[in-house]
1. Given a 1.4 Å probe and every protein chain left where it sits, what share in percent of the accessible area of the chain is carbon and sulfur?
2. Find the cysteines in the chain that fail to meet the 4.7 Å Cβ criterion with every other cysteine, and list them.
3. List the residues, sorted by chain then number, that are 5 or more residues from Thr333 or on another chain and whose placed amide H is less than 5 Å from its amide H.
4. Given 0.36 nm per residue, what is the gain on full extension from Gln96 to Glu297 after removing their alpha carbon distance, in nm?
5. Could you work out how far the C-alpha centroid of segment 174-244 sits from that of segment 1-69, in angstrom?
6. State the Cα centre-to-centre distance between segment 74-150 and segment 308-354 in whole Å.
7. Below 8 Å between Cα atoms, with a sequence gap of 6+, how large is the relative contact order for the chain in percent?
8. Show me the three semi-axes of the equivalent ellipsoid for the chain, from the C-alpha gyration tensor (sqrt of 5 times each eigenvalue), largest first, rounded to whole Å.
Amino acid sequence: MDLERTARNAGVSGVGGGNFPTHVKLRGPADTVIANGAECEPFLQADRQVVALHAPRVLMGLLAVMDHKGAREGVIVLKKRYEEADKSLRAAIAAQGAGDRVRIHYVPDCYPAGDEQQLVYAVTGRVVPRGGLPGDVGAAVFNVGTLMNLANALRGKRYTEKYVTVAGAVKTPCTLMVPVGTRAAELLAAAGGVTEPCVFIVGGPCMGVLHDTEDFAVTKAVNGILALPKDHPYLRKRSLENDWTKARSACAHCNKCTPLCPRNALGLNVQPHKLMRALANGVEHSPDYLGAFACSECGVCRDYVCTDGLNPVKAMQELKARLTKAGLAPDHTVPASPDRNFETRNVPFSRLLNRMGLEKYDVPAPLNPRLMNIQTVRIPLDNGFGPAKPVVKKGDWVRKGRLIADIPDQAVSVKMHASLSGRVTAVTRTYIEIRREKKPT
């Protein structure tokens, strides 16, 4: 069976937050396929729970990708403390006799240990060049949830459901299985509701996207919702008011951020203190600052290092935009050798959360494996790589799994399918709404 076609027709995309179309990621060979179950950000717990509950399907997806890409080795990455996931994986590998092809690699409970490029180096010893992809060094990285969805696709199931961790200032943190298009308000209600007025971070606290209200829907990219009190000090760092322009007067160029930059430790010459200075001095159009393109915007400089409360991440975003406007692009090089003390540059989760003032929210979010009984969904048409085109109209009755929005051939986008059976109640430029309803007789 053509795995690319299967993934495309099932609407499979990356569940780790990036949401890249899986059928595109399957293109090209690789000698090593890495299954990422390390969960880069704090609070996200769905990956380890998926592995613990569905290890045979994760392994099935991994072996399918390995066969498709001609890989000689598959590596499943976990954190050492994921004991239930580890136990389930070992049993699945033994049951399928895959021990000669697949191994488990453990990473420390640090940030950002689950970053794609960090994993490639930790597993293979190879560094992805600036502006490059893991395929440039013979590797491919897939989230464990994506591999599970690939295995489901091989069995004829469309990608219509998500595991989402709900954490932070809620009464009962939990991980829920929900239809794609579920409103965030319903997930928060299932977690007992918020304990005080909150804003919401979709994804992890370091790299997630801020929402002022709970009026948004779960896309295929949403793997977590973190509720934070509106007056929490950490939000001041993330706010638009605290932007890169403060570097002109406040940045002391102390050079504390650069040694702890994970991408700089890989030899990619990402030096936040110099890039902040470049913006302050108005010399952002120089090729000397191409290291900005390798910045992953992980937030270590902002959330862990800077004692002045500055936001170098916004500086990197601004600098990348200015370099691009000036016609400069990543040079696909690795300017220096990786730091010999690479592993010591990772930041322990406990210390990171302490610096961010979020340690009290670091509690278990148990998985409820039953699909939530949602009555209405709004399924987004654009997952960040171009919208799918609706193929249904208002008033149509659709069965769960039916194609409702298609994509052109060779498109870098994702097909969308009905995540529940019911009546199409709205078709707009941005979403399709479906209300649960029995099929008319």
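The values are calculated or read from the model by the stated rules, or taken from the named source; none is laboratory data. All values reported here derive from a predicted model rather than from experimental measurement. Neighbour counts are summed over all protein chains in view; Cβ atoms, including those assigned to glycine, are modelled from backbone coordinates with ideal geometry. To get the accessible areas, we keep the full protein, side chains included, count just its heavy atoms, and leave off ligands, DNA and RNA. Shrake-Rupley method; radii C 1.70, N 1.55, O 1.52, S 1.80 Å.
1. On the way: 9380 of 18750 Å².
Solvent-exposed carbon and sulfur of the chain make up 50 percent of the total.
2. Cys40, Cys110, Cys174, Cys198, Cys206, Cys251, Cys254, Cys261, Cys295, Cys298, Cys306
3. Here the answer is Arg130, since their amide H atoms fall under 5 Å of that of Thr333.
4. Values: separation 201, 0.36 × 201 = 72.36 nm, distance 3.89 nm.
Taking 0.36 nm per residue and subtracting the Cα distance, the gain is 68.5 nm.
5. 25
6. So the separation of the two Cα centres works out to 23 Å.
7. RCO, the chain: 17 percent.
8. Values: eigenvalues 231, 140, 99 Å².
Computed over the chain, the values are 34, 26, 22 Å.
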